[in-house]
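Presented below is the structure to which this report refers.
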Amino acid sequence: QRIGRTAEGAHVTVPRQVLPGRTVFITSRAVGRTFRFVPRERIVESLLFCFAVAVAKKEFKVRVHEVVYMSNHLHIVATFDDTSRPDFMQYLNSLCSWQLNAMRGRSGTNYETHFNAVEVADPQKVLEHCAYTLANPCAAHLVTRATSWKGVTSARLEYGKPIALSRPKTGM
């Protein structure tokens, strides 16, 4: 984020431009960095279903390259063919929060207010961010193979092959 000043001299964060056709590396953290997304079966099913619903919405022109939900944050590498990135993230995080809260009998947000999105123009850097995303559970010493991570991850998916998901029994 860029920092600027108002006419009165106060510091402000200048919003980033959101341009169509950009590939971004997104990080979104759980509120207070708490373990809201621990890979338990019901949580994984719910997060994956919510993620699929958000990606499938026609309002969002998004192509997801990689995704991983860690216990207290998530990473997404995606290309947005329009300017819907902020709306997509707001919808995704709201839908997931609503679902997680319904399962837990709670209310409130599960995500920090702001997410970090870094535009990645260089194809080599896109590849590096994809590898970083997939290897995140290994780098955290939680598993020795990316495909062993029990949480939501694209590491176990095959490109172009659809998957069948069931609607969670609670919430949705």
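The values are calculated or read from the model by the stated rules, or taken from the named source; none is laboratory data. Bear in mind that the values here come from a model prediction, so they are computed numbers and not experimental data. Methodologically, a virtual Cβ is constructed for each residue, glycine included, from the backbone with ideal geometry; neighbour enumeration extends over all protein chains shown. Please note that ligands, DNA and RNA were not included when accessible areas were found on the heavy atoms of the full protein model with its side chains. Shrake-Rupley method; radii C 1.70, N 1.55, O 1.52, S 1.80 Å.
So if R0 is 41 Å, what FRET efficiency would T147 and E8 give, r being the distance between their Cβ atoms, rounded to the nearest 0.05? Display every interim value, and only then the final one.
Values: r = 54 Å, r/R0 = 1.31.
Efficiency at R0 = 41 Å is approximately 0.15.
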Whole-Hz Karplus couplings 3J(HN,Hα) for segment 72-82, θ = phi - 60° and coefficients 6.51, -1.76, 1.60, Gly and Pro as x, run 10, 6, 9, 10, 9, 10, 8, 10, 9, 7, 9
Provide the per-residue ³J(HN,Hα) series for segment 39-48, in order, calculated from phi with Karplus coefficients 6.51, -1.76, 1.60 and θ = phi - 60°, each as a whole number of Hz, with x at glycine and proline positions.
-> x, 9, 3, 5, 5, 4, 4, 5, 5, 5
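Run the numbers for V64 and T170: contour at 0.36 nm per residue of separation, minus the present Cα-Cα distance, in nm.
Numbers: separation 106, 0.36 × 106 = 38.16 nm, distance 2.63 nm.
The span from V64 to T170 would gain 35.5 nm if fully extended.
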Among T79, V67, G105, the residue whose Cα sits farthest towards the positive end of the charge dipole of segment 56-105, when +1 is placed on the Cβ of each Lys and Arg and -1 on the Cβ of each Asp and Glu, is G105
Would you list which aspartates and glutamates come within 16 Å of K58, measuring only between C-alpha atoms, while excluding same-chain residues fewer than 8 positions from it?
-> D81, D82, D87
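Suppose all protein chains stay in the model; what accessible area per residue would a 1.4 Å probe give for the chain, in Å²? Working shown, then result.
On the way: 10120 Å² over 172 residues.
For the chain, the solvent-accessible area averages 59 Å² per residue.
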Positive-pole candidate from V38, A117, A140, dipole of the chain, charges at beta carbon = V38
Keeping the other protein chains in place, figure out the carbon and sulfur percent of the accessible area of segment 101-172, with a 1.4 Å probe.
-> 55
Under 5 Å between amide H atoms, partner at least 5 residues away or on a different chain: which partners does R22 have, H built in plane at 1.01 Å?
-> F80
Over what distance in Å are the Cα centres of segment 145-172 and segment 38-82 separated?
-> 10
Spin-label proximity, T27 to segment 133-165 - amide N less than 19 Å from point 7 Å beyond Cα toward beta carbon = 133-143, 152-154
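Over the alpha-carbon set of the chain, divide Rg by the Kirkwood Rh and report the Rg/Rh ratio to two decimals. Numbers along the way, then the final one.
On the way: Rg = 16.6 Å, Rh = 17.0 Å.
Here the Rg-to-Rh quotient is 0.98.
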Where is the GNM fluctuation largest for the chain (alpha-carbon springs, 10 angstrom cutoff): L157, L92, L127?
-> L157
Which FRET efficiency, nearest 0.05, do Q17 and N72 yield, Cβ-Cβ r, R0 35 Å?
-> 0.75
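Quick one: dipole size for the chain, taken about the Cα centre, charges +1 on Lys/Arg Cβ and -1 on Asp/Glu Cβ, in debye to the nearest 20.
Working: 23 positive and 13 negative charges, 104 e Å.
So the magnitude is around 500 debye.
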Out of every Cα pair in segment 73-172, what percent are spaced more than 15 Å from each other?
-> 73
Apply the Karplus parameterisation 6.51 cos²θ - 1.76 cosθ + 1.60, with θ equal to phi minus 60°, to every residue of segment 159-172 and state each ³J(HN,Hα) to the nearest whole Hz, in sequence, with x for glycine and proline.
-> 4, x, 9, x, 10, 9, 10, 9, 5, x, 5, 10, x, 4
